1. Please work out if THR160 is in contact (Cβ under 8 Å) with a residue 40 or more places away in the chain and of a type in the set (Ser, Thr, Tyr).
2. Of all the residues that make up region 290-305, how many are closer than 10 Å to ASN266 by Cα and outside any loop (DSSP other than H, G, I, E, B)?
3. Does region 165-207 hold any residues that are under 21 Å from HIS94 (Cα atoms), free of Cβ contacts under 8 Å to residues at least 40 places away in the same chain and surrounded by fewer than 21 Cβ atoms within 10 Å (Cβ to Cβ), and which are they?
4. If you check TYR95 against the conditions, is it touching a residue at least 60 places away in the same chain (Cβ under 8 Å), aromatic (Phe, Trp, Tyr), under 22 Å from SER226 (Cβ atoms) and not assigned by TED's automatic domain parsing to the domain that holds GLU238?
5. Can ASP212 be described as of a type in the set (Asp, Glu) and without any contact (Cβ under 8 Å) to a residue 60 or more places away in the chain?
6. Scan region 117-127 residue by residue and report those that are within 15 Å of PHE76 (Cβ to Cβ) and not in a strand (DSSP E or B).
Amino acid sequence: MQNDLMKKTTVLCSLFVAAAMGIMLYYCANKIAIVADLAQDEVVQAAENRPNHTEMEDEDENRIAIDRDSGKTNYFCVPVPPDVRVEEVTIENHYMDRELWVSIEPEKMSGQESFYESNGVYGSCEAVVDGHFEVEKKRICLRFQLTDVFEYRSIFEDNTLYIEFVPPKEVYDKIIVIDPAYGKEDTGVVTDNIAAKDITLNIAKALKAKLDETDIKVYYTRMDDSNPEAEYRVRLAEATKADMLIRIEVGSDKSSKKYGTETVYNSQFFIPGFGSVELADLLEREVVTAISGKAAGLLEAGEADTVISEATVPAAAVKVGYLTNGQEAILLQREDYVQRIAEGIYQAVLKAYAE
């Protein structure tokens with residue numbers, strides 16, 4: 001009996017190894033490989049170096065030819081210069097800008113600079129509005145403006161990158177949008193050279209480290225000093241069909257005595273079960289618990305709360321403290337306090353999905 005079991009186990013293992021080797025040999029023989037991809041929050045750049053939403057439309061130089069009548073295929077096809085290896089190609093999903101970047105860093109750049117002057121893209125181009133290329137010292141960057149926010153499936157075969165555009169909800173079951181308020185010239189309240197925009201960004205980065213360890217897909221409206229307009233922040237949640245939008249803000253008041261954590265919710269958007277008010281209540285309770293602070297209460301969104309009031313998904317803004325309060329201003333600069341705030345938001349997200 002035991003010998004029969006061992007024989008069966010040996011046969012199954014042999015079949016598995018043979019199948020695995022067959023797959024590996026197939027991919028090697030056909031030169032097919034998966035291309036590395038990065039989300040925008042993983043390729044953060046200085047805001048002044050990033051193109052804005054209209055810049056690409058105004059550029060005539062270095063435009064990539066797009067053949068929209070090249071036959072039916074599910075893939076957007078991008079030819080790659082000769083001798084470029086798959087590990088030298090990276091897809092960058094600049095979702096906040098609704099752009100796809102293809103970054104090519106060949107070992108030998110010489111002779112590759114003019115490749116896209118005579119080679120265009122083709123295939124399934126419905127999602128592509130326009131495209132341009134830039135040649136830097138060590139890389140070629142292709143930038144494609146898209147109609148919407150997408151995720152990507154891709155393969156690399158015979159010096160061609162094949163990209164399939166996929167709606168986020170077809171890839172991820174759980175999606176949220178985190179919106180660190182302010183940015184760039186809009187610093188938010190400033191006290192003693194402490195800018196609210198920096199505090200909200202620090203919290204978002206601490207929160208990202210925690211959420212990266214979960215099965216929740218998170219889109220961030222900013223992870224640098226950029227300042228997307230309110231409509232773009234709202235649109236990101238709509239385009240990704242996010243389950244919720246969480247905005248991180250800092251409070252201010254004429255009175256330096258006011259302090260605590262409060263949340264703002266969209267009273268006009270209601271869904272049964274778990275909506276904006278439930279999200280706001282959960283955020284307040286969890287953040288207050290994490291920092292051992294004071295709950296300042298829930299507020300309905302006003303005219304100034306554009307992102308929250310215009311969102312069409314459960315949305316709430318958590319004001320993590322008052323910079324106009326001396327004690328909270330000091331706390332909001334401390335790394336351990338930032339981590340505790342992030343932990344509170346993190347626990348609220350987990351409990352929201354549990355509920």
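The values are calculated or read from the model by the stated rules, or taken from the named source; none is laboratory data. Everything numeric in this text was worked out from a predicted model, so none of it was measured. Heads up, the Cβs are rebuilt from the backbone with ideal geometry, glycines too, and the neighbour counts pull from every protein chain shown.
1. yes
2. Number satisfying all stated conditions: 2.
3. VAL166, GLU170, LYS205, listed by residue number.
4. yes
5. yes
6. ASN119, GLY120, SER124, CYS125, GLU126, ALA127 - these are the residues of region 117-127 that are within 15 Å of PHE76 (Cβ to Cβ) and not in a strand (DSSP E or B).
Each row is one residue, and each column tells you yes or no for (1) closer than 19 Å to ASP243 by Cβ; (2) surrounded by fewer than 18 Cβ atoms within 10 Å (Cβ to Cβ).
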| position | (1), (2) |
| --- | --- |
| VAL264 | yes, no |
| PHE269 | yes, no |
| SER276 | yes, no |
| THR289 | no, yes |
| GLY293 | no, no |
| GLY297 | no, yes |
| ILE308 | yes, no |
| ALA316 | yes, no |
| GLY321 | no, no |
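Residues are listed down the side, and each one gets a yes or a no for (1) in a loop (DSSP other than H, G, I, E, B); (2) at pLDDT 95 or above; (3) touching a Phe, Trp or Tyr at 6+ places or on another chain (Cβ under 8 Å); (4) not assigned by TED's automatic domain parsing to the domain that holds ALA315:
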site: THR200; (1), (2), (3), (4): no, yes, yes, no
site: ILE203; (1), (2), (3), (4): no, yes, no, no
site: LYS208; (1), (2), (3), (4): no, yes, yes, no
site: LYS241; (1), (2), (3), (4): yes, yes, no, no
site: GLU262; (1), (2), (3), (4): no, yes, no, no
site: PHE269; (1), (2), (3), (4): yes, no, no, no
site: ALA280; (1), (2), (3), (4): no, yes, yes, no
site: ARG285; (1), (2), (3), (4): no, yes, no, no
site: VAL288; (1), (2), (3), (4): no, yes, no, no
